[in-house]
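Each remark here refers to the structure printed beneath this line.
Coordinate-derived values only; no laboratory data. Keep in mind the model is a prediction, meaning the values are calculated, not measured. FYI the Cβ positions are ideal-geometry reconstructions off the backbone, even for glycines, and counts take in every protein chain you see.
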Amino acid sequence: MSELWKRILSSIVFVALILGPLFIDALVAFVVYGLLGFLTYLEFGRLVKKGEHGIKPGWVTGAWIYTLVAVALLGIVVGLKTNVHWIVTLAMGGLMLGMAREVFRTPFQPLNIAAELFGAIYCAAGFWGMTYFFAIRQDLNTLWLPISAFLLIWVNDSAAYLFGRKIGKTPLIPKVSPKKTIEGSVAGLLTALLAGAGLSFIPNMPPLPVMLGMALVSVVFGSIGDLFESILKRSVGVKDSGTFLPGHGGFLDRFDAMLMAVPALIVYFEFVLPKH
């Protein structure tokens, strides 16, 4: 099988994996995104360990925090009440145990627990955060709103790549990602705005100005997420974060934009279109 066909088949699998659960059930989407987020968290830890800074994060404390975020949100998805006080107490207990673990490690490296917790919160915000769009914002289109979040990110990424290769001449941030250009980034933004405008005509979707704002937020913060992952990979000297799908790199390579865009979109909707 040629490399091109591998990439095409991998892309089909990837899109089906991300969008498919939304057409089945909110709980299915919750579980699938949660598992993808956990695998991304583990990959983040492996990536950080490849650096020359002596940071060797564990995974248990971060996994504990990640799971507690899931428990807090699961009640919303299945309609059950969750005891926030117990969740906060368990989270603090896990944090203290993680800190105690580092005290008895040799050599002592306090950044281990920081990297572990950052990875957990980073992945939880992006993946568990999708719950907001398909389970919490039931006043909007709970199918097309999360699909729009993915589509706007993908449209921007694809257009920026294609136009960047054809007409891109001016590097965007050469020290971080030499191949990204200003021309490609502008083309990605304009294409995403057009896509956002089109999505606003779907029934029960936010109005045109809100969808244009959604496109803008997706592009800006998705690009920041992409550049952040480029910095991370550059700091540890690797090309890809892992080998999730042939021709597509690792989980972080595929979801870097989403991890930053999703939390930003939640804040955006809470400010411009709060649920009543």
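What the table shows:
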| quantity | calculated |
| --- | --- |
| Relative contact order, percent, the chain [alpha-carbon distance under 8 Å, six or more residues apart] | 21 |
| Trypsin sites (Lys or Arg not before Pro) restricted to the stretch 219-265 and DSSP loop, no more than 14 other C-beta within 10 Å | Lys239 |
| In the stretch 128-192, the trypsin sites (Lys or Arg not before Pro) that fall in loop regions by DSSP, at most 15 other Cβ within 10 Å | Lys169, Lys175 |
| Gaussian network model of the chain, Cα within-10 Å springs - most flexible of Phe150, Phe108, Phe251 | Phe108 |
| Expected 222 nm ellipticity per residue - DSSP helices of 4 or more, -39500 (n - 2.57), all of the chain, to 500 | -24000 deg cm²/dmol |
| For the stretch 97-153 versus the stretch 48-89, the gap between their alpha-carbon centres in whole angstrom | 8 |
| Exceeding the 31 Å Cα-Cα cut-off - candidates Lys166/Lys233; Lys56/Lys166; Lys169/Lys239; Lys56/Lys239; Lys166/Lys239 | Lys56/Lys166 |
| Loop sites in the stretch 189-240: chymotrypsin sites (Phe, Trp or Tyr not before Pro), DSSP, at most 10 other Cβ within 10 Å | Phe201 |
| Lys/Arg +1, Asp/Glu -1 at C-beta; the chain dipole; positive extreme among Leu252, Ala120, Tyr268 | Leu252 |
| Listed residues Met92, Ile231, Phe23: farthest to the positive end of the dipole of the stretch 3-272 (Cβ charges) | Ile231 |
| Alpha carbon Rg of the chain, scaled by the compact-globule rule 2.2 N^0.38 Å | 1.04 |
| Cα shape, the stretch 1-123, gyration tensor, a/c 1.5 rule | oblate |
| Charged-residue dipole, Cβ positions (Lys, Arg, Asp, Glu), the chain about Cα centre, Debye nearest 20 | 580 |
